[in-house]
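Pasting a structure here, questions to come.
The values are calculated or read from the model by the stated rules, or taken from the named source; none is laboratory data. Source: prediction; values computed, not measured. Here Cβ is always computed from backbone atoms with ideal geometry, including for glycine, and neighbour counts include all displayed protein chains.
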Amino acid sequence: MTTRINLMNDYNLVAHERVLDSLQESLAVRFEGYGADAETARAKAALSERIQCPQAAVHFLVGGTQVNLTAISAFLRPHEAVIAPHTAHIATHETGAIEACGHKVLVHESPHGKLGPNEVIASVKQHTDEHMVKPRLVYLSQTTEYGTLYSQAELRALRAVCDEHDLLLYIDGARLAYALGSPHSDLTLPLLAELADAFYLGGTKNGLLFGEALVICNPSLQADFRHLIKQRGGLLAKGFLLGIQFNAFLKDDLYLELAATANALAAKLDGGLKALGYDFALQTETNQVFVIVDNAALPKLHEHLMFEEWQQLSSEQTTIRFVTTWKTTESDIQTVLDLMRPPAAPLASD
């Protein structure tokens with residue numbers, strides 16, 4: 001049986017070799033528990049150095065849903081709500097975790113997965129008194145769930161609106177490294193720390209076994225946060241496993257190297273498909289490629305490739321999503337292009 005090329009997501013691999021090597025090298029070491037170890041302290045210091053925000057607090061957790069749930073439920077009072085794009089992970093793929101804690105998610109139709117100042121203002125104006133929830137936090141993802149990016153100007157505009165209406169700005173960074181490693185992005189970690197009240201740098205979708213680094217930039221949100229992590233089941237007894245991994249992740253900027261590799265291969269796939277005449281649902285800016293295919297082609301593609309059927313557009317066409325990783329190869333990309341070449345299309349030159 002031929003092994004299918006896996007372009008389903010960016011978390012289908014165990015971990016990058018340098019991460020596994022760092023764990024292997026630590027097998028004989030005995031660590032303090034619950035993240036009170038030297039490796040975790042070193043990883044926090046390394047990330048703090050990169051974000052250039054001395055007042056920030058760094059916490060390592062296992063996964064994105066856990067980070068979002070722990071952070072947002074900690075930052076909000078019981079009657080306060082989240083403003084988010086309709087594509088937001090917290091509104092679509094986290095089993096209602098935020099709302100299960102009593103915080104309504106106010107969603108807005110958002111082109112390309114991006115929330116704008118007008119949507120934020122609309123939410124504030126629609127919730128006027130004590131008979132309604134009170135908008136308090138703006139949630140966005142960088143990259144978005146569609147692989148698109150917020151520019152520095154867009155984030156500054158959202159920050160200004162948040163300041164005007166006393167709102168917190170929280171950035172889901174499950175795929176943040178892909179944004180930082182994209183040639184389409186003008187954002188840096190220090191700029192994110194300047195603009196956001198809190199954000200996280202995801203590792204699960206970029207080469208770690210598991211792990212996300214939550215950065216709380218706003219000192220008023222930091223009190224007792226380890227208590228809240230523990231209460232939500234996120235304080236690992238073997239917290240040093242996160243510290244070891246993040247040290248490897250940050251060393252020599254491995255997190256950017258892995259993301260840039262995936263982005264470059266996605267760009268190659270995008271360019272090759274455009275040359276073959278395909279249309280796209282969204283511009284490819286990071287490691288997610290949303291291409292429109294004829295439904296008749298899907299069985300053949302599924303036979304050789306693993307991918308997600310993102311949205312059925314009609315009885316004739318569907319948008320599918322390809323996701324590249326640091327382990328995707330040039331050969332994988334060429335195989336996809338060969339499979340998707342229309343019968344009359346010329347062979348691609350080397």
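Can you confirm whether segment 210-226 contains a residue that is basic (Lys, Arg), touching a strand residue (DSSP E or B) at 6+ places or on another chain (Cβ under 8 Å) and surrounded by fewer than 24 Cβ atoms within 10 Å (Cβ to Cβ)?
yes
Table: residues versus (1) surrounded by 12 or more Cβ atoms within 10 Å (Cβ to Cβ); (2) touching a Phe, Trp or Tyr at 6+ places or on another chain (Cβ under 9 Å); (3) of a type in the set (Asp, Glu).
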| site | (1), (2), (3) |
| --- | --- |
| Asn12 | yes, no, no |
| His16 | yes, yes, no |
| Asp21 | yes, no, yes |
| Gly33 | yes, yes, no |
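Can Glu119 be described as in the same structural domain as Ala71 (by TED's automatic domain parsing), more than 21 Å from the chain's Cα centre (by Cα), charged (D, E, K, R) and closer than 28 Å to Arg321 by Cα?
yes
Oh, and also: Just checking, how many residues over segment 110-139 are β-branched (Val, Ile, Thr) and under 17 Å from Arg156 (Cα atoms)?
Total meeting the criteria: 3.
Name the one entry in Glu94, Glu99 that is assigned by TED's automatic domain parsing to the domain that holds Gly35, in a loop (DSSP other than H, G, I, E, B) and acidic (Asp, Glu).
Glu94
Considering only segment 116-149, state which residues are in contact (Cβ under 8 Å) with a residue 60 or more places away in the chain and assigned to a loop (DSSP other than H, G, I, E, B).
Thr143, Tyr146, Gly147, Thr148, Leu149
Can you tell me which of Ser110, Ser22, Ser26 is without any contact (Cβ under 8 Å) to a residue 60 or more places away in the chain and of a type in the set (S, T, N, Q)?
The unique qualifying residue is Ser110.
Separate question: Considering only residues that are of a type in the set (Asp, Glu) and farther than 23 Å from Gln283 by Cα, look in segment 86-113 and name the one that is surrounded by the most Cβ atoms within 10 Å (Cβ to Cβ).
Across segment 86-113, the extreme among qualifying residues is Glu94.
Oh, and also: Taking segment 1-41 as the region of interest, how many residues are basic (Lys, Arg) and under 24 Å from the mean Cα position of the chain (by Cα)?
The total comes to 1.
Going through segment 250-259 one residue at a time, which ones are in contact with a Ser or Thr (Cβ under 9 Å, 6 or more places away or on another chain) and either buried (at least 20 other Cβ atoms within 10 Å of the Cβ) or at pLDDT below 95 (or both)?
Passing the criteria: Leu258, Ala259.
Go through segment 45-86 and give me each residue that's part of a helix (DSSP H, G or I), under 20 Å from Asp253 (Cα atoms) and touching a residue at least 40 places away in the same chain (Cβ under 8 Å).
Ala46, Leu47, Arg50, Ile51
Restricting attention to segment 114-134, and to residues there that are touching a strand residue (DSSP E or B) at 6+ places or on another chain (Cβ under 6 Å) and not polar (S, T, N, Q), which single residue is surrounded by the most Cβ atoms within 10 Å (Cβ to Cβ)?
Leu115
In this structure, does Leu106 turn out to be out of contact with any Lys or Arg (no Cβ under 7 Å at 6 or more places or on another chain) and either over 27 Å from Gln222 (Cβ atoms) or part of a loop (DSSP other than H, G, I, E, B) (or both)?
Here the answer is no, as Leu106 does not meet what is asked.
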